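Trainee: Next up is a structure, given as structure tokens.
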Amino acid sequence: MTSRRLAAGLLLAAAVPLTAAAAAAALRAGHLKLHANRHLIEITAQPRPNCPHCHGEGGWWTGGAFPEMEACGCWSARRELRIRLLPIPAWDEPPF
Ligand SMILES: [Zn+2]
């Protein structure tokens, strides 16, 4: 085996885990979040850090004994984009 083939083999062996790690990627840019994997590409809205209502938390808790989180309109009223790519395989096993 020549040194050139050995170097190419080592490069390929190093690239396989890197490819597996890069299969799902998430990116935050401003108040949007991009998530992509082989099943879908999705862009979702994130809470605005300078929102006067939620102060970047995305919502607030309401109620007494059984509190529920109420979503702030700074992110929940904005549109989302979701593009489906490959179908998600169905589970063959029963849930329990
Ligand atoms: Zn808000």
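Trainee: Tell me the label-point distance for the pair F96, E68, using the 7 Å Cα-to-Cβ offset, in nm and rounded to one decimal.
Mentor: 2.5 nm
Trainee: Let me ask something else. What nm value, rounded to one decimal, do you get for the distance between L34 and A77 when each label is placed 7 Å out toward the C-beta?
Mentor: Using points 7 Å along Cα→Cβ, the separation is 2.7 nm.
Trainee: Can you give the net charge of the other residues whose Cβ lies under 13 Å from the Cβ of G59, counting K and R as +1 and D and E as -1?
Mentor: Values: positive: R48; negative: E57, E68, E70.
So the surrounding residues net to -2.
Trainee: Shape call for the range 24-96 from the C-alpha gyration tensor, a ≥ b ≥ c root eigenvalues: rounded (a/c under 1.5), prolate (a/b greater than b/c) or oblate?
Mentor: Values: a/c = 3.26, a/b = 1.40, b/c = 2.33.
In terms of gyration-tensor shape, oblate.
FYI, it's all coordinate maths here, none of it is from the lab. Since the model is a prediction, treat every value here as computed from it, not as a measurement. So basically every Cβ, Gly included, is an ideal-geometry build from the backbone, and we count neighbours across all protein chains shown.
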